[in-house]
């Protein structure tokens, strides 16, 4: 009989074990973690943040989230999805809409020609300047293409997937 049963409280179903490795820097936590991950594919690692500089071979978002003050973000751009539909992409001070929805839930308007906005000059995205700044389509298309290629290599976790979902793409 469990302690919860003896005390009259409700028993809590055990879903797993959380192991915390804590020690001073350089004591071997990463070495132990790599070995555990190699031996048991059912183990996953929580990625923590650090303010220390990245060491050779470390990957931001895999080994640690490297945080701290820096002049420029490591990310130059990102893509906007609603559900599984690509709507827009942002690169530096530029944003390109492929689908336009003037008001939330108004319904998508699939644009024949993408609309381009300079977010520094037009932060409310009111004036399409695609004819004057057509050159910006190329870096935005490259950004979109690279992201779509990454989805093929590392498929997203589907909505409603169970906690023990195992992705089919490469680990890590």
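Out of everything in the range 1-25 that is out of contact with any helix residue (DSSP H, G or I) (no Cβ under 7 Å at 6 or more places or on another chain) and modelled with pLDDT of 85 or more, what residue ends up being farthest from residue 51 (Cα to Cα)?
20
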Every residue from the range 49-87 that is within 30 Å of residue 113 (Cα to Cα), out of contact with any helix residue (DSSP H, G or I) (no Cβ under 9 Å at 6 or more places or on another chain) and at pLDDT 85 or above | 80, 81, 82, 85, 87
Given (1) assigned to a strand (DSSP E or B); (2) loosely packed, with under 14 Cβ neighbours inside 10 Å, number of the condition residue 75 does not satisfy = (1)
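The values are calculated or read from the model by the stated rules, or taken from the named source; none is laboratory data. Bear in mind that the values here come from a model prediction, so they are computed numbers and not experimental data. We place every Cβ from the backbone using ideal geometry, glycine too, and count neighbours over all the protein chains shown.
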